[in-house]
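*Asks:* I have a structure here, written as structure tokens, and I will follow up with some questions on it.
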Amino acid sequence: MSMDTDEAALRREILAGLERTIWTPGDGVRDLDRVEAVQLLGRFRDPAAEAALLRVLREGMEHIRPAPLGRLLRDTALDTLLRSTMLPRAVTDRALARYYNFGARLLRGRLERNVIYDDIPLLVRHGRGGLVLRAYVLPLVGGLIALVVLAVVLAGGLLAGNELLGAALGLVFFIAFGLGLFNLHQVGLVLLLAAWGRRWPLPWLPRAGSKAATAAVLAVIAFVLGLYAALRLLFLVARGYNDAGGREVAGYLLLLPLLALPCYMLAHDLEVAPPAAGGTARRGPAVALRWASGFIYVIFVLDAYGLTWIQQARAGFRSFGGDLDVLMGMLLWLLYLVLAPLPVLLLLSALGRLTRTRAGGRPAAEAS
């Protein structure tokens, strides 16, 4: 009994020392020592070791400075949790599910979407991709469905006689719904690339400037198309609906997701790529481009709703009546939006194969 007690006390002392090295290092402790301290936590079959790793995962980026070191220690903690053979997998999975839970993150106001997107390839490699589906994707889908149900209930009841309040909350609904779909698309896109990315060799742009310029051009084109589609819808309302005008707006809607997805992919590349030697980080332009991509989704939802409303109004709202008729009519557009990554990835994969073939199997910029 005494030996077991001494061993437990020694283990607690070692774990406490490792935590001090990570959080409050003394003089002479190098950054590499702190990284190794995180890795050593994975060698203990002890709930305290798992709790210490989870603390680094949750708080490392916020409290450890400089910021790049905080991110490195946080990523090392995740890698250690996934690789450790000493920590029970079931317990680790439950803890990670709580960490990635979309509802809990939304309530705390800390979605940290880019961090989660960067984690997905590592989780997939370790067979934990299902964690993201259960903890993040399904609650997000449930939230979007709840948002639609709430909008229908309010439109048919509380807001029926208040046009100003209805318009304001309607705008909030379209923004929240569009950004929610954007978030869902990003997770799905990263999961696809993490699972089958090697089969889809995407085109490669060597310079951050060329990536930023390409993404900016795509974003501007998509914004112009989306706004022009909205103006065409207003024109159809004012002058009367015609099939040619409806087909024109539908064509713009088909193009918007195909432009928004590459724009986001390039923005993400800018955000995660290390800055060039002596250069500056590209986070500012990347964040701007990411938000631009998100609002393209808002424009898509607005335009799809407007086109469906005009068509349903022309038919007399025969099925369910009012807003529910329109939302049901939008399902085909939403289905297209969900499936849009597939043609985008196929097209980009074809371009990637072409550039690699011309460069002898390597990206053209590397081969030159």
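*Asks:* Sorted by mean Cβ packing within 10 Å, highest first, what order do the peptides 101-109, 256-264, 229-237, 118-126 take? Mind dumping the intermediate values first?
*Replies:* On the way: 101-109: 13.3, 256-264: 22.4, 229-237: 16.4, 118-126: 18.3.
Final packing ranking: 256-264, 118-126, 229-237, 101-109.
*Asks:* To the nearest 0.05, what FRET efficiency results for ALA9 and ALA195 with a Förster distance of 45 Å applied to their C-beta separation? Mind dumping the intermediate values first?
*Replies:* Numbers: r = 45 Å, r/R0 = 1.01.
With a Förster radius of 45 Å, E is 0.50.
*Asks:* Using the Karplus curve 6.51 cos²θ - 1.76 cosθ + 1.60 with θ = phi - 60°, work out ³J(HN,Hα) for each residue of the range 123-130 in order, rounded to whole Hz, and write x for Gly and Pro.
*Replies:* Those phi angles translate into 4, 5, 4, 9, x, 10, x, x Hz.
*Asks:* Over the heavy atoms of THR24, what accessible area does a 1.4 Å probe trace out, to the nearest 10 Å²?
*Replies:* Answer for THR24: close to 90 Å² accessible.
*Asks:* Mind pulling the per residue volume of the convex hull built on the Cα atoms of the range 1-91? Å³ is fine. Don't skip to the answer; put the middle values down first.
*Replies:* Details: hull volume 8.3 nm³, N = 91.
Expressed per residue, the convex hull around the Cα atoms of the range 1-91 is 91 Å³.
*Asks:* Hey, another quick one. Just subtract the alpha-carbon distance of VAL217 and LEU342 from 0.36 nm times their residue separation and send over the number in nm, one decimal.
*Replies:* 42.8 nm
*Asks:* Given a 1.4 Å probe and heavy atoms of the protein chains only, how would you sort MET265, MET328, MET61, largest accessible area at the top? Don't jump to the answer; show the numbers that get you there.
*Replies:* Numbers: MET265 30, MET328 85, MET61 50 Å².
Highest to lowest solvent-accessible surface, that is MET328, MET61, MET265.
The values are calculated or read from the model by the stated rules, or taken from the named source; none is laboratory data. Being a predicted model, the structure only gives us computed values, none of them experimental. Every residue, glycine as well, gets a Cβ built from its backbone with ideal geometry; the counts of neighbours run over all protein chains shown. Heavy atoms of the whole protein, side chains included, go into the accessibility calculation; ligands, DNA and RNA do not. Shrake-Rupley method; radii C 1.70, N 1.55, O 1.52, S 1.80 Å.
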